[in-house]
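The values are calculated or read from the model by the stated rules, or taken from the named source; none is laboratory data. All values derive from a computational prediction rather than experimental measurement. So basically every Cβ, Gly included, is an ideal-geometry build from the backbone, and we count neighbours across all protein chains shown. These area figures cover heavy atoms from the full protein model, side chains too; ligands, DNA and RNA do not enter into them. Shrake-Rupley method; radii C 1.70, N 1.55, O 1.52, S 1.80 Å.
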Amino acid sequence: LMARRLSEAGVRFVEICHPGWDQHNQLHAGLTRNCNAVDQPTAALFNDLERRGLLDETLVLFGSEFGRLPTQQGGPDGRDHNITGYPMFLAGAGVKKGFTYGATDEYGIRAVDGRMHTNDLHATLLALMGLDHKALTYRYAGRDFRLTDVAGNVVREIMT
């Protein structure tokens with residue numbers, strides 16, 4: 001509700017954090033608890049944004065900086081971090097509806113199709129917000145810098 005109200009008021013960036021996703025143990029109980037806590041509010045946010053005509057101009061990113069490995073760690077119900085293949089979802093402004101980009105190997109360990117580096121994600125997010133990440137380059141101490149470092153490619157396949 002607060003995120004929708006902030007968006008309606010013209011706030012350009014809203015971040016919602018839900019802690020407690022780092023399940024090195026008790027994965028099943030932790031994921032059940034967290035998914036139950038975010039499922040209805042996330043659906044309500046999308047419904048509210050769509051009903052008010054704001055979803056077409058609001059970009060929503062739901063994700064984390066890592067996923068979970070499919071292998072056991074810390075007992076029978078724990079997983080270690082996975083930085084080589086994990087899900088995120090984008091919705092709203094400029095993103096294809098119901099589209100899946102990329103895939104992991106058969107074990108879910110690493111991305112094998114449609115790999116996207118963090119710099120690519122940032123370049124794509126900036127493009128969806130109408131910004132050319134390459135135009136944001138500045139020189140400092142003899143080196144080029146930008147929000148996507150000096151890398152990053154816009155992944156146009158996910159865009160409408």
List the number of the failed condition for Trp21; all other conditions in (1) without any contact (Cβ under 8 Å) to a residue 12 or more places away in the chain; (2) of a type in the set (A, V, I, L, M, F, W, C); (3) under 25 Å from His117 (Cβ atoms) hold. (1)
Scan the range 78-100 residue by residue and report those that are surrounded by 15 or more Cβ atoms within 10 Å (Cβ to Cβ) and not in a strand (DSSP E or B). Gly78, Thr84, Gly85, Tyr86, Ala93, Gly94
Of all residues in the range 1-45, how many are under 30 Å from Pro70 (Cα atoms) and part of a helix (DSSP H, G or I)? 17
Would you mind finding the one in Leu131, Leu121 that is closer than 30 Å to Leu69 by Cβ, surrounded by 13 or more Cβ atoms within 10 Å (Cβ to Cβ) and not charged (D, E, K, R)? Leu121
Could we say that Thr71 is out of contact with any helix residue (DSSP H, G or I) (no Cβ under 9 Å at 6 or more places or on another chain), free of Cβ contacts under 8 Å to residues at least 40 places away in the same chain and either loosely packed, with under 13 Cβ neighbours inside 10 Å or more than 30 Å from Ser7 (Cα to Cα) (or both) here? yes
With the requirement that a residue be loosely packed, with under 13 Cβ neighbours inside 10 Å and either touching a residue at least 24 places away in the same chain (Cβ under 8 Å) or within 29 Å of Asp113 (Cα to Cα) (or both), what does the range 137-158 give you? Val150, Arg156, Glu157
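Please report, ordered by residue number, the strands (runs of 3 or more DSSP E) entirely within the range 112-160 with at least 1 residues that are at pLDDT 95 or above. Explain how you work it out, then say what you get.
On the way: elements: 138-140, 143-145, 147-150.
Per the criteria, no element qualifies.
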The range 44-68 - residue that is of a type in the set (Phe, Trp, Tyr) and within 19 Å of Thr32 (Cα to Cα) and, of those, most open to solvent (accessible area, probe 1.4 Å): Phe62
